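Since every read-out is calculated from the coordinates, none of them should be taken as a lab result. All of these numbers come straight from a predicted model, not from anything done at the bench. Cβ atoms come from the backbone with ideal geometry, glycine included; neighbour counts cover every protein chain shown.
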């Protein structure tokens, strides 16, 4: 793990050689996110975004299987932290092409929820994200590894 300061916010670079490490990284991130947090996941198709969300769900003690809501656009899960309920809202904007679709989806209301909101393809909603949103960018590396660039959250 490498952390560097790019001027405004520090960026933590993580290397994930396999899906198991990506899930573990999700668990670590999930333990740090609190109600009201927004996490924007950015990167190419197949880079591990949903795999990371599975780890976050594990950190929140969510028992049901987590899948990408590519066609439903939004999935919600009831989780727990320290004996208290904590909802996870999982949004997938892959199929969104216009700002009006974000409005139709009710994204602003989802972001205002007292839950942890994770948005796959979050770059499509960047103007609507709160200033304190956490960003995690996925980059593919040789051999199937991923570089994860985390901004807005210290691990």
Per the Debye formula with a single identical scatterer at each Cα and no solvent contribution, what log10 I(q)/I(0) holds for the range 37-103 at q = 0.25 Å⁻¹?
-1.20
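Expected output is a single nm value to one decimal: the length gained when fully extending between residue 10 and residue 142, i.e. 0.36 nm times separation in residues minus the C-alpha distance. What is it? If you can, show how the numbers build up before the last one.
Working: separation 132, 0.36 × 132 = 47.52 nm, distance 2.53 nm.
Result: 45.0 nm gained on full extension.
Residue 20 to residue 84: extension gain in nm, 0.36 nm per residue of separation minus the Cα-Cα distance? Walk me through the intermediate numbers first.
Details: separation 64, 0.36 × 64 = 23.04 nm, distance 2.72 nm.
Full extension from residue 20 to residue 84 adds 20.3 nm.
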Taking other Cβ within 10 Å of each residue's Cβ, how do 53, 38 sort, fewest first?
38, 53
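To the nearest 0.05, how large is the calculated FRET efficiency for residue 63 and residue 113 if R₀ is 30 Å and r is the Cβ-Cβ distance?
0.90
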How much of the DSSP bridge set in the range 2-151 is antiparallel, in percent, rounded to the nearest 5?
65 percent
What translational diffusion coefficient, to the nearest whole µm²/s, does the range 2-151 have by Stokes-Einstein, given a Kirkwood radius computed over alpha-carbon pairs, a temperature of 20 °C and 1.002 mPa s viscosity?
138 µm²/s
Residue-span extension gain [residue 71 to residue 123] - 0.36 nm each, minus C-alpha spacing
16.9 nm
